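Report on the following structure.
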Amino acid sequence: MRRATLAACLLLLGARDPILVPEISQHEIQVRQGFTGADLLLFGAILSPEGSRAAQDYDIVVVLEGPVQSIVLREKQKIAGMWINADSLEFRSAPSYFAIASSRPIAKIVDDKTAAIYELGLKWLQLSPIGVIEPREQQRFSEGLVDLMRRQGLYREDQGSVKISGQVLYQARISLPSSVQTGTYTAETFAIRGGKVVASAITRIEVKKEGFERFVAVAADRNGWLYGLFAVIVSVAMGWIAGRLFARS
């Protein structure tokens with residue numbers, strides 16, 4: 001009887017955690033010729049277990065992450081007036097895209113340990129290098145990769161950009177550049193109170209190539225020799241056309 005009472009009490013305490021109901025403006029993004037990127041609206045509601053307005057204030061953090069990939073980062077050095085490749089490091093599973101938006105600065109929402117566990121910020125990305133490397137070198141290359149991806153618009157932080165209305169509704173806007181990779185993107189929303197993550201929810205987005213771009217991608221993946229032959233024919237044709245145009249002028 002005491003065990004049953006204790007279990008009931010634990011269930012009651014767990015029921016106090018809020019429920020996140022996330023949604024996104026586009027669940028599928030089609031990449032066609034002339035694609036210039038996309039603006040996503042990630043929104044939702046923070047509700048009590050009974051489905052009513054949450055009784056407490058919560059911070060919201062939204063993390064949008066693209067497919068992971070293997071990335072080789074090479075460091076260049078200037079020797080005898082020439083830039084050449086020096087040290088290099090390969091990361092096994094780096095996100096091809098990573099963006100985070102929060103209702104307040106992350107440092108004011110959680111401590112470093114919690115931020116590292118949930119990867120709440122570019123500083124806390126867990127980039128796994130291949131091979132044995134000294135911690136200082138790993139940190140240097142990791143910071144270099146983050147800086148490179150950030151300058152390309154593929155990694156970003158927008159702290160304080162999540163808007164919360166009436167302790168119920170939240171929304172955040174995140175932009176995808178034209179250079180994003182295709183694949184499945186995950187948008188994970190965290191509700192945080194007192195420095196602890198009390199609820200989370202995930203939605204997904206599919207980024208697909210369509211039209212001629214899809215034909216080229218499928219051909220390159222399934223019929224490499226046919227794609228190579230097609231590329232040679234197109235190059236020869238473009239060269240012949242350019243030669244004819246210049247000959248007339």
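The values are calculated or read from the model by the stated rules, or taken from the named source; none is laboratory data. This is a predicted model, so every value here is computed, not measured. Positions of Cβ are generated from backbone atoms using ideal geometry, with glycine treated the same way; all protein chains shown enter the neighbour counts.
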List pairs: first in the range 27-44 and in the same structural domain as SER178 (by the TED database), second surrounded by fewer than 18 Cβ atoms within 10 Å (Cβ to Cβ) and of a type in the set (Ser, Thr, Tyr), Cβ under 6 Å, 6+ apart or cross-chain?
PHE35/SER178; THR36/SER178; GLY37/SER178; ASP39/SER175; LEU40/SER25; LEU41/SER25
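Okay, residues lined up against (1) touching a residue at least 60 places away in the same chain (Cβ under 8 Å); (2) out of contact with any His (no Cβ under 9 Å at 6 or more places or on another chain); (3) of a type outside the set (D, E, K, R); (4) outside the structural domain of ILE29 (by the TED database):
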residue: GLU137; (1), (2), (3), (4): no, yes, no, no
residue: GLY153; (1), (2), (3), (4): no, yes, yes, no
residue: SER178; (1), (2), (3), (4): yes, yes, yes, no
residue: THR189; (1), (2), (3), (4): yes, yes, yes, no
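Take VAL61 and decide whether it is assigned to a strand (DSSP E or B), among the β-branched types (Val, Ile, Thr) and surrounded by fewer than 16 Cβ atoms within 10 Å (Cβ to Cβ).
no
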Every pair of residues 6+ apart whose Cβ atoms lie under 7 Å, when the first sits in the range 111-132 and is more than 20 Å from ARG193 (Cβ to Cβ) while the second is assigned to a loop (DSSP other than H, G, I, E, B) and at pLDDT 90 or above
LEU125/GLU119; GLN126/GLU119
